[in-house]
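Read through the structure below, which is laid out as C-alpha cells, and then see the notes.
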Amino acid sequence: MIFSTERIERIAIFRALQLGDLLCAIPAIRALRAQFPLAHIALIGLPWAESLVKRFPQYFDYFIHFPGYPGFPEQPVDPEAFTTFLGGVQAAKFDLAIQIQGNGTLINPVIELFGATYTAGFCVTGDYCPDEKLFLQYPTGIHEIERHLALMKHLGIPSRGTQLEFPLTSADEAAFRALELPVKSKKYVCVHPGSRGAWRQWPPACFAALADYCIDQGLAVVLTGTETERPIVDDVVKHMKKVPVIAAGKTSLGAIGVLIRNAYALIANCTGVSHMAAAFQTPGIVISMDGEPERWAPLNKSLHFTINWLKEPDFEQVFEETKKLLSRYRP
C-alpha cells in the first residue's frame, strides 16, 4: 500500500464527465471506499453529477461543482468561478486527490493545484506528471472499467469486482408509477435511439425496424430519451408501422432506471443507458457508434450483443441478434 491508511481522511475524486463515464468509474470508487471506509470522499464533477452523489451515499460524502477550465468542452469557462472553486478545494486540505478524468494531458496541472497531500491519476509520456510513483501510464485498448481498476491496483488498492451499480430509491419507484405507462414488467423492450452527439446515433429507420419486430413478437416497445432527444424519437415513430409507447422527455433519471430494470431488453446506442442495463443485468442490443466498443460496451457478452457499426455496418447481423434475444421471450 502506497499510502498510510490512517493519514487518508479526505479524498477528492475528479471526473467531470457524463453518466456513462461515471458509472464505469463506480467499480474503482467502490474499491477505494473499501480501502478507506472512514474517509470523507468528494466527487468533483459537472453540475448534473450532484444527483449521482446522492444516489451513491455509500461511496460519496459530498459533491463539488467543477466550473470549467480552458480546453474542457463540457461547459463554458468562468474564470471568476474557477478561482473561487480552486480556493475552496485548497481550503478543504484533501489528503488524496485522484484524477480519473482521462490521460491527464489537460487536467494534471490543475489537479496539483488542489494542494492535496498526495495527488494520483493517469499520465502519458512526455506530458506533465505531478508524481511518477502515484500516476499510472494511461492504459489503452482496455475497457473503461478495467482502466480505473488498473489505477487502483497501481495504488495498492485491491479490486472489489467489475460489476456496475445503479441504486434505485422509493422516490424513483414513485416517479415511475406516476408515469402510468401501459406496460407490464418484463413484457416490453426499451428502445433508446438518442445520444449526446448526432454522430453517435444509429439511423432512426433501423431502430424503427427492430421496434416493429419486437411488437410483432408480442412485446410492447417503450421509446425513451431526454426532452432534447424528442426529435430523433419522433423520427423513429415516423418510420414505424406499429404503435410504441413514448416515454421520451417524461422520465427522471431514476424513473428511466426503473423502466430499464423492469424491461425484457434494451436496444440502444452505446450510451449511459447501456451501462444502466448492465447494472440491472437487463439483456440488450448495443450499437457502438464511436468506434470504441472494447472501451465502452457492457462487459457481459452473454447478456449484451454489441456491434461496432463503424467497422461492421450490417443491419442483418443486428436483426439476427435481436431475433435470438427475443426467441427466449414467453408471453
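The values are calculated or read from the model by the stated rules, or taken from the named source; none is laboratory data. Please read all numbers here as calculations on a predicted model, not as lab measurements. Positions of Cβ are backbone-derived with ideal geometry, glycine not excepted, and every protein chain shown enters the neighbour counts. SASA here: full protein model, heavy atoms, side chains in, ligands and nucleic acids out. Shrake-Rupley method; radii C 1.70, N 1.55, O 1.52, S 1.80 Å.
Which of GLY71, LEU151, PRO283 sits farthest toward the positive end of the charge dipole of the chain, with +1 on the Cβ of Lys and Arg and -1 on the Cβ of Asp and Glu?
Among GLY71, LEU151, PRO283, the one farthest towards the positive end of the dipole of the chain is PRO283.
Quick check on the stretch 148-250: take the gyration tensor over C-alpha atoms, sort the square-rooted eigenvalues as a ≥ b ≥ c, and tell me if it's rounded (a/c under 1.5), prolate or oblate.
In terms of gyration-tensor shape, prolate.
In debye to the nearest 20, how big a dipole does the chain give about its Cα centre with +1 on each Lys and Arg Cβ and -1 on each Asp and Glu Cβ?
Taking the Cα centre of the chain as origin, the dipole is about 1160 debye.
If packing is taken as the average number of other Cβ atoms within 10 Å across a peptide's residues, how do 32-42, 306-316 rank, most packed first?
The packing order, highest mean first, is 32-42, 306-316.
Using a 1.4 angstrom probe, figure out how much accessible area the chain has per residue, in square angstrom, rounded to the nearest whole.
Heavy-atom accessible area per residue stands at 44 Å².
Quick check: Cα centre of the stretch 120-134 to Cα centre of the stretch 92-119, how many Å?
Their Cα centres are 10 Å away from one another.
Just checking the chain: which Cys have no other cysteine's beta-carbon under 4.7 Å?
CYS24, CYS190, CYS206, CYS214, CYS270
Is the stretch 221-331 rounded, prolate or oblate when judged by the Cα gyration tensor, a ≥ b ≥ c being the square roots of its eigenvalues, rounded requiring a/c under 1.5 and prolate requiring a/b larger than b/c?
Judged from the Cα gyration tensor, the stretch 221-331 comes out rounded (a/c under 1.5).
Contact order normalised by length for the chain, with contacts defined as Cα pairs under 8 Å and 6 or more residues apart; what percent is it?
Answer for the chain is 15 percent.
Measure up LYS54/LYS242; LYS133/LYS311; LYS187/LYS301; LYS238/LYS324 against 29 Å on the Cα-Cα distance and list the ones that go over.
Pairs exceeding 29 Å: LYS54/LYS242; LYS133/LYS311.
So, by mean Cβ neighbours within 10 angstrom, what's the order for 88-98, 9-19 with the highest one leading?
9-19, 88-98
Quick one: check the C-alpha center-to-center distance for the stretch 187-245 versus the stretch 168-184, whole angstrom.
20 Å
Which of TRP48, TRP296, TRP202 moves most in a GNM of the chain, Cα contacts under 10 Å?
Greatest mean-square fluctuation among the candidates belongs to TRP48.
Enumerate the whole-percent occupancy of each 20 Å bin, from 0 to the last occupied one, for all C-alpha pair distances of the chain.
31, 53, 16, 0
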